[in-house]
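These notes concern the structure reproduced below.
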Amino acid sequence: MKNIFTILFVLALFGAANAQGLAYGFKAGLNFSTLEGDLEKDDKGASVEEFNRVGSFHVGFGFSYGFTERIGARAELMYSQKGARFRYEGTSYEILTSKTGDLIYSNGTRNTINNVLNSYIDLPVLFYARPLSWLEISFGPSVGLLVSSTGSGSTAFSGKTFLIGGTPSEKTVPEHSFTLETNYLSDETGEADVSTTTPLTIGSQTVDIPANIGAYYDIPRGDGSFFNALDLGLNAGLSLYLSPTLYIGGRLNY
């Protein structure tokens with residue numbers, strides 16, 4: 001399982017932010033996020049994949065209620081982008097279909113780079129405390145609804161076949177590459193742009209290699225998207241007030 005870890009830098013403007021009662025305002029900022037979790041390993045125990053941070057943004061509105069001048073609660077409605085730069089380099093497999101309709105199964109090595117970017121409608125609910133008039137500490141849960149999930153990059157493969165059309169075979173699979181243009185919410189199994197193809201010869205078989213492939217080109221889509229439609233998270237933040245209504249801050253979201 002992979003979890004999204006995000007650092008948010010916030011600039012917000014709230015009306016009557018330091019007073020008791022209801023206040024509302026606008027916020028925007030930068031996100032730096034990545035995916036965290038168990039990494040795939042090869043048969044020698046070495047990691048063959050990694051996730052690095054990518055930058056994006058968030059924008060939205062917030063409503064706060066001060067129980068006192070020092071303690072209160074805040075609910076926000078945000079459009080937020082989160083993702084990661086994914087890289088895989090190691091052993092893999094591939095299933096291709098020849099021009100005659102035969103399935104070609106092969107093992108080999110794959111090198112993939114994919115920049116994944118997910119967009120969410122986030123609803124964090126935060127409780128805050130102000131030990132000082134200019135300093136605020138906040139924490140609380142959040143719910144996110146996935147509204148867009150895309151990726152872009154490339155993948156290259158080379159190796160040897162072990163089965164062609166149901167017959168055992170060991171033929172060289174020359175290195176070939178695809179451009180990744182993925183939409184994890186709408187792509188279907190086997191989806192690819194076949195308007196431009198490159199012929200690839202494997203033994204006596206020929207395969208038309210599409211230039212661009214979708215998220216589920218060589219894996220079954222299954223019953224849903226690659227990513228969860230609903231995310232549950234935890235937030236912790238620190239804000240510095242530049243004035244009674246304007247603050248900048250940082251927040252961790254897991």
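Of all residues in segment 157-180, exactly one satisfies the criterion of being surrounded by 19 or more Cβ atoms within 10 Å (Cβ to Cβ) and either among the charged types (D, E, K, R) or closer than 15 Å to Phe226 by Cβ (or both), namely Leu180. The single condition among (1) over 20 Å from Ser80 (Cβ atoms); (2) among the charged types (D, E, K, R); (3) touching a residue at least 24 places away in the same chain (Cβ under 8 Å) that Asp193 does not meet is (3). Residue under question is Asp231, and the condition is that it be closer than 20 Å to Thr161 by Cβ, among the charged types (D, E, K, R) and touching a strand residue (DSSP E or B) at 6+ places or on another chain (Cβ under 8 Å); does it hold? So Asp231 fails the test. Within segment 65-111, if we keep just the residues that are hydroxyl-bearing (Ser, Thr, Tyr) and under 30 Å from Asn31 (Cβ atoms), the residue that is least open to solvent (accessible area, probe 1.4 Å) turns out to be Ser80. Candidates in segment 132-147 are the residues that are modelled with pLDDT of 95 or more and open to solvent by 40 Å² or more (accessible area, probe 1.4 Å); of these, the one that is farthest from Thr34 (Cα to Cα) is Ile137. Kindly establish whether Ser119 is in contact with a Gly (Cβ under 7 Å, 6 or more places away or on another chain), open to solvent by less than 40 Å² (accessible area, probe 1.4 Å) and part of a strand (DSSP E or B). No, not satisfied.
In the set Ser148, Ser169, Ser158, only one residue is touching a residue at least 24 places away in the same chain (Cβ under 8 Å) and under 20 Å from the mean Cα position of the chain (by Cα); that residue is Ser148.
Residues in segment 45-64 that are closer than 22 Å to Thr6 by Cα and aliphatic (A, V, I, L, M) were compared, and the one that is surrounded by the most Cβ atoms within 10 Å (Cβ to Cβ) is Val54. The residue list Phe63, Phe26, Phe57, Phe32 contains one member that is touching a residue at least 12 places away in the same chain (Cβ under 8 Å) and more than 29 Å from Pro131 (Cβ to Cβ), which is Phe57.
The values are calculated or read from the model by the stated rules, or taken from the named source; none is laboratory data. Values in this document were obtained by computation on a predicted structure and should not be read as measured data. Every residue, glycine among them, receives a Cβ derived from its backbone with ideal geometry; neighbour counts consider all protein chains shown. What goes into the accessible areas is simple: the full protein's heavy atoms, side chains included, and nothing from ligands, DNA or RNA. Shrake-Rupley method; radii C 1.70, N 1.55, O 1.52, S 1.80 Å.
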